[in-house]
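J.: The structure is given below, and queries will be raised subsequently.
The values are calculated or read from the model by the stated rules, or taken from the named source; none is laboratory data. Since we're looking at a predicted model, the values are computed, not measured. Every residue, glycine as well, gets a Cβ built from its backbone with ideal geometry; the counts of neighbours run over all protein chains shown. Accessible surface is based on the protein model in full, side chains and every heavy atom, while ligands, DNA and RNA are left aside. Shrake-Rupley method; radii C 1.70, N 1.55, O 1.52, S 1.80 Å.
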Amino acid sequence: MRLQVVIAASVLAVILIGLSTDVDGQSTRGVRRRNRFGRIGRTGRSRSRTRLRSGGGRGGRGGSSSCGENQRRKRGGRCVPKSQDPKGVPAKKGSMGPLPGAPNLNEITSIVTRWLDENAERIPNMVQLVFHSCVGGCDGCINTNSPSNKGLIGSYREVQALWKNEAKQGISLADFVVLLGTKAVEHGMRRNGGPGPRTVEFTTGRTSCSDPTNYLKVFNFPQGQNTDAIEFLMSHFGIPSRGLAVALMGAHSLGVCRTENSGFEGRWDNTPLTLDGAYYESMLGTTWSITDAPGNEFTQWSANDGRMMLNADLHLQREFTVNSRPSCGPISERCPENGNDVNFVRQFANNQQDWSFQFIRAFLIMVSKR
């Protein structure tokens, strides 16, 4: 009798230990399994497959000793396809967390940093790409058939190849594109003449489009010949103030317009690989003349040294409407000041440290769009 009591007590102790809970009410046995065998995804479920004991199903109870090559064993012993999540539902593309053995975020960030360091021309392209991919929701994809994306096709293919070869197992394409844009902002700001080193916060959690190679969604983009860019940024991305929207327009301090891509030609300022306040200085410090754009039926505002402004840009400083041509001119001084936005232009031209912080605030709002 005493032997039976001892055995029963031992069994009860084993059961209690196996079912003990932590302070959050979770099974410590379950927590131990996740920490040892898997990574915790955004939903809290283990993203790795459960390790099986030899000699039967889970825990050694029943079933065959192993599943097929493309199968895994569910709790209870049943084999299911590996493409299904732990509940047996087909996995949603782009939503899975890092797989076991995948590169972690620090490793992926190092890959991105080296890639940008190899060619500074990638900086403006990545800032433009993240903007275009976030129109409609930051899903990492652009419609390569859209005329608005014509200048990004080559860069986007490079990005897809880099993600597929170096980072696909550790991060979604949607997050990867935003990470590239984030690091491009940091690189652009710390180049000579820029506001200096800045750290831009980056978070994961975005879901990629289902087929990046055949993305056919059509979105409206702000057009350079129009004057509604600020209203677009505020309504589409939820930028809460005109000042922040004017700060985000400072992205035009990067890159150039090319006739073959947009029909417009020229650079906004004289430091097209540096993300800085020179865009606003260039706007204020120049007498602009209306000229015909070389590759379309519209006009642009040109200086005599190769710099230019689009209607969308100069409307931050000057007030005018556009039919086929601006309603004032032929030089910018003939147009009245834009009372809504010109003070922000002056503020950012005089203090690029202030501009850089406002730009980053607006950028983070933009890339949080889902």
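J.: Working only within the stretch 131-147, note down all residues that are at pLDDT 95 or above and not in a loop (DSSP other than H, G, I, E, B).
T.: Those that are at pLDDT 95 or above and not in a loop (DSSP other than H, G, I, E, B): 131, 132, 133, 134.
J.: Now for a different question. Of all residues being charged (D, E, K, R) and in a helix (DSSP H, G or I) in the stretch 335-370, which is nearest to residue 137 (Cα to Cα)? Just the residue, please.
T.: 361
J.: Taking the stretch 255-307 on its own, how many of its residues are of a type in the set (Gly, Ala, Ser), open to solvent by 50 Å² or more (accessible area, probe 1.4 Å) and within 27 Å of the chain's Cα centre (by Cα)?
T.: So the count comes out to 1.
J.: Considering each of 117, 139 in turn, give the residue that is surrounded by 19 or more Cβ atoms within 10 Å (Cβ to Cβ) and among the acidic types (Asp, Glu). Full working, then the answer.
T.: On the way: 117 fails: surrounded by 19 or more Cβ atoms within 10 Å (Cβ to Cβ).
One residue alone meets the criteria, 139.
J.: Name the pairs whose Cβ atoms lie under 9 Å apart, with the first residue in the stretch 235-247 and of a type in the set (S, T, N, Q), the second open to solvent by 40 Å² or more (accessible area, probe 1.4 Å), and 6 or more positions between them or separate chains?
T.: Short answer, once both residue conditions are applied: 241/234.
J.: On to the next question. Please go through (1) surrounded by fewer than 22 Cβ atoms within 10 Å (Cβ to Cβ); (2) at pLDDT 95 or above; (3) not aliphatic (A, V, I, L, M) for residue 315 and return the number of the only condition it doesn't satisfy.
T.: Going through (1) surrounded by fewer than 22 Cβ atoms within 10 Å (Cβ to Cβ); (2) at pLDDT 95 or above; (3) not aliphatic (A, V, I, L, M) one by one, residue 315 breaks only (1).
J.: Please go through the stretch 299-322 and pick out each residue that is touching a strand residue (DSSP E or B) at 6+ places or on another chain (Cβ under 6 Å), among the hydrophobic types (A, V, I, L, M, F, W, C) and without any contact (Cβ under 8 Å) to a residue 40 or more places away in the chain.
T.: Of everything in the stretch 299-322, those that are touching a strand residue (DSSP E or B) at 6+ places or on another chain (Cβ under 6 Å), among the hydrophobic types (A, V, I, L, M, F, W, C) and without any contact (Cβ under 8 Å) to a residue 40 or more places away in the chain turn out to be 301, 314.
J.: Considering the stretch 157-174 alone, what residues qualify as being surrounded by fewer than 21 Cβ atoms within 10 Å (Cβ to Cβ) and either under 12 Å from the mean Cα position of the chain (by Cα) or assigned to a helix (DSSP H, G or I) (or both)? Break it down into steps so the answer makes sense when it comes.
T.: Initial filter on the stretch 157-174 (surrounded by fewer than 21 Cβ atoms within 10 Å (Cβ to Cβ)): 157-158, 160-162, 164-166, 168-169.
Of everything in the stretch 157-174, those that are surrounded by fewer than 21 Cβ atoms within 10 Å (Cβ to Cβ) and either under 12 Å from the mean Cα position of the chain (by Cα) or assigned to a helix (DSSP H, G or I) (or both) turn out to be 157, 158, 160, 161, 162, 164, 165, 166.
J.: Within the stretch 290-334, work out how many residues are over 15 Å from residue 225 (Cα atoms), of a type in the set (Asp, Glu) and assigned to a loop (DSSP other than H, G, I, E, B).
T.: The total comes to 1.
J.: Step by step: first the residues of the stretch 225-254, then only those that are assigned to a loop (DSSP other than H, G, I, E, B) and more than 15 Å from residue 193 (Cα to Cα), then the one that is least open to solvent (accessible area, probe 1.4 Å). Which residue is that?
T.: Taking the candidates together, the pick is 239.
J.: Name the pairs whose Cβ atoms lie under 6 Å apart, with the first residue in the stretch 323-351 and within 14 Å of residue 242 (Cβ to Cβ) and modelled with pLDDT of 95 or more, the second open to solvent by 90 Å² or more (accessible area, probe 1.4 Å) and in a loop (DSSP other than H, G, I, E, B), and 6 or more positions between them or separate chains?
T.: none
J.: Please state which of the following conditions residue 204 fails to meet, knowing it meets all the rest: (1) open to solvent by 20 Å² or more (accessible area, probe 1.4 Å); (2) at pLDDT below 95; (3) part of a loop (DSSP other than H, G, I, E, B).
T.: All conditions pass for residue 204, except number (2).
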